[in-house]
Structure formats: structure tokens, C-alpha cells
Amino acid sequence: MNRTLGAMPEVSRDLLIATVLEALPEFDPATTRDIRETLTHTVDEAGPEGLEALNERLASVGSDWSHYPRDPLASRIHDLLAGRVLGTGSRLLGDEHLRCVAGKAVVIFANHLSYADANLLEVLIRQSGNATLADRLTVIAGPKVYSSLRRRFSSLCFATVKTPQSSDLSTE
């Protein structure tokens with residue numbers, strides 16, 4: 001059964017860039033300008049096809065109880081911003097264990113404080129030199145993850161599986 005999210009306006013190149021910049025913490029003008037230029041280059045490099053694919057994914061992700069692969073443009077934007085947002089001391093401890101499971105099926109069970117924890121885990125796995133594992137990351141996500149444009153974008157930075165969640169457990 002398809003559970004549509006309703007019509008979503010198309011996100012243009014300029015709107016995507018502006019929306020991403022608005023979501024960031026406040027930086028000095030030179031850093032903001034540099035981020036804008038890098039972001040513009042990344043979106044332009046993806047071309048109209050990449051932006052169109054992202055729009056299609058933003059409109060459909062979370063519409064059914066299903067698996068949703070990561071979106072290449074959302075993932076690239078996520079990775080480029082991570083270096084600007086994370087503190088210099090951010091790192092993954094115990095990454096030698098990740099190398100031991102390279103190429104193998106892995107399930108990680110983790111309690112989390114927010115969905116951003118999955119985004120952080122993906123970035124730290126990638127930065128630790130385990131990009132292949134980061135590319136395979138699939139997160140089990142409740143309906144709330146797909147409830148807004150920002151959350152849907154965040155969910156497209158890696159693969160997700162939409163799963164039912166008790167309203168007694170869900171928080172806003």
C-alpha cells in the first residue's frame with residue numbers, strides 16, 4: 001500500500017543551496033562564502049540529472065514501508081558539510097574493528113539521541129578510511145524521519161528502511 005506524502009514543490013538549484021546554508025550553524029562571512037561556492041560547484045557537478053533525481057527522491061522517500069537507497073547528491077552534500085560542522089576532535093574510536101568486518105554483513109544495534117546520530121556515524125566511518133562500509137550503511141527509520149523536507153534530505157545521505165513505530169515510543 002502506497003502512503004503518499006503529498007505534493008512537494010520542486011527544489012531548484014538555488015533553493016537547495018539556500019536551504020542547506022540556512023540549516024548550518026552561523027559562520028564568518030568568508031567561511032559562508034567558501035561553503036556556498038563549494039556547494040554550488042557540487043550541485044552543478046551533479047548536473048540537472050542529479051538535481052532532478054534528488055527531487056524525485058525527496059518527493060517519494062518514506063512514501064511506503066520500503067528500502068530507500070542513498071541519493072548520490074545528498075550524500076556528497078552531506079560529506080562536504082561534515083568537515084565544516086564537526087569539531088576537529090571528532091573521530092571514531094575502535095575503527096580497527098570496522099576493518100575486521102570489511103566486506104562482511106554487519107548489523108550494528110545502537111541507542112541514539114536523535115536521527116543525527118546516524119548522520120554522524122556515517123561521516124565518522126567514512127573519515128576513518130572505511131568508505132566502503134559507509135556506503136553500505138542502512139538505517140532502520142520510523143515514519144517521523146520522513147515527516148519534513150529537511151528530515152527526508154537527511155535520510156537520503158545513506159540508505160534507510162522505513163519501519164512502523166509505536167506512537168507511544170515516538171517523540172517530536
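The values are calculated or read from the model by the stated rules, or taken from the named source; none is laboratory data. These figures come from a predicted structure and were not determined experimentally. Reconstructed Cβ throughout: ideal geometry from the backbone, glycine too, with neighbour counts over all protein chains shown.
General observations
- Selection count, segment 58-95, where residues are of a type in the set (Val, Ile, Thr) and loosely packed, with under 14 Cβ neighbours inside 10 Å: 1
- Residue in segment 3-16 that is modelled with pLDDT under 90 and closer than 16 Å to Ile77 by Cα present: yes
- Once segment 86-100 is narrowed to residues that are assigned to a helix (DSSP H, G or I) and of a type outside the set (Asp, Glu), the residue that is nearest to Leu24 (Cα to Cα) is Leu98.
- Among the residues of segment 131-162, the one identified as over 13 Å from the mean Cα position of the chain (by Cα), buried (at least 20 other Cβ atoms within 10 Å of the Cβ) and either among the β-branched types (Val, Ile, Thr) or outside any helix (DSSP H, G or I) (or both) is Lys162.
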